[in-house]
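Report on the following structure.
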Amino acid sequence: MVRKIIVALFVVVLLSSLVVAQSSASSIRVKTLPGHTVYLSIVDPTDDSYNYRILKGISDEYGDTFFEYATNKSSERTFSLRVKVKKASTQVFPEVGVGELYEDTYNIGEDIYLEAFNEGDEIILTPELDDVLEEVIEDVVNNTDTINSTNEMVNNTNGTLEGVLIEDSDGSLLAGYSVSELVRGPAIYGGVGAIVLLGIIALFIFGRRRKSRVVSNKAVSSGLASNKKSESNDGDLSKAETKLKAVQAEIQRLKGQDKVSEVRKRIAAEEEELRRLRSGKI
């Protein structure tokens, strides 16, 4: 039983080591002139004099040479690349030296594309591989033409504006100055003018506010006067009403006195008549 367990553990360890030992690979494409021998050196990035490996291939009709680099060593999974191209026994790229060392540092598993051309060499685009590259080149050319056209238009516009004549409010003409000079010249005066303008606006706003306050104060004073006048009128009216009531009471009193007097007169007349009748009987 113990032996079976040991064997099972050994198998697990062995399989684990095999999985760890499995390496990924980098596909490397070097484009140069057709029919040339390409030497690709996998270089230690910390010491370019040490090569992990040197690969060799022949470029096809489009100048492409395809390499694949794989390693089980963790220390060689980061690398640099050096390329040398020969035609028969003659080195053509670079023309002298041990090869062209590319500045980039690569990691295992990357897809890498390199070009190995001298100045004046013609690049042959590979169908289905360089279509995107061709579109990029066309875009770059078109953008360059557009930029050149834009710069030319700007230069022409600046040249036209150099001789512009600007008439001021007095009717005088400012000639022979570029727009930039005309802008820089009055910049200080423009700043002073802006400050003066802001001051005028501030005074105008302050004046409006002060006028509003005066009108408001007048309205308040007028309201107070009206209130006082109204209160005075109310007092006079109350006094008049009191007087009127007193007069009416007096009239009523006098009317009462007149009636009493009339009654007394009638009583006196009746008494007189009664006395007269009494005296006649006697």
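The values are calculated or read from the model by the stated rules, or taken from the named source; none is laboratory data. Owing to the predicted nature of the structure, the values given are computational and were not obtained by experimental measurement. Positions of Cβ are backbone-derived with ideal geometry, glycine not excepted, and every protein chain shown enters the neighbour counts.
Descriptive notes on the structure:
This table checks each residue for (1) under 53 Å from the mean Cα position of the chain (by Cα); (2) among the aromatic types (F, W, Y); (3) within 18 Å of D104 (Cβ to Cβ); (4) at pLDDT 95 or above.
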site	(1), (2), (3), (4)
I42	yes, no, yes, yes
D60	no, no, no, yes
F67	yes, yes, yes, yes
T78	yes, no, yes, yes
V92	no, no, no, yes
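- Close pairs (6 angstrom Cβ cut-off, 6 or more residues apart or separate chains): over 23 Å from D47 (Cα atoms) in segment 76-102, at pLDDT 95 or above and in a strand (DSSP E or B) anywhere: K86/T37; V92/V85
- Scanning segment 108-117 for residues that are over 17 Å from R82 (Cβ atoms) and part of a strand (DSSP E or B) gives a single hit, D111.
- Where a residue in segment 109-126 is in contact (Cβ under 8 Å) with a residue 40 or more places away in the chain and closer than 29 Å to T78 by Cβ and its partner, wherever it lies, is of a type in the set (F, W, Y) and surrounded by 13 or more Cβ atoms within 10 Å (Cβ to Cβ), with Cβ under 8 Å and at least six apart: I112/Y106; L114/Y102; A116/F93; F117/F93; T126/Y62
- Enumeration of residues in segment 112-128 that are polar (S, T, N, Q) and exposed (fewer than 15 other Cβ atoms within 10 Å of the Cβ): N118
- Sole residue being hydroxyl-bearing (S, T, Y) and in a loop (DSSP other than H, G, I, E, B), chosen from Y69, Y62, Y50: Y62
- Count of segment 67-111 residues which are touching a Leu at 6+ places or on another chain (Cβ under 7 Å) and surrounded by fewer than 17 Cβ atoms within 10 Å (Cβ to Cβ): 1
- Subset of segment 46-65 [surrounded by 13 or more Cβ atoms within 10 Å (Cβ to Cβ) and either of a type outside the set (K, R) or under 13 Å from L101 (Cβ atoms) (or both)]: D48, N51, Y52, I54, L55, G57, S59, D60, Y62, G63, D64, T65
- Members of segment 29-47 that are without any contact (Cβ under 8 Å) to a residue 24 or more places away in the chain and either of a type outside the set (D, E, K, R) or outside any strand (DSSP E or B) (or both): T46
- Among residues of segment 84-108, those that are farther than 15 Å from D48 by Cβ and in contact with a strand residue (DSSP E or B) (Cβ under 6 Å, 6 or more places away or on another chain), counted: 6
- Answer from G120, G97 - the residue that is at pLDDT below 95, among the small types (G, A, S) and either more than 48 Å from the chain's Cα centre (by Cα) or assigned to a strand (DSSP E or B) (or both): G97
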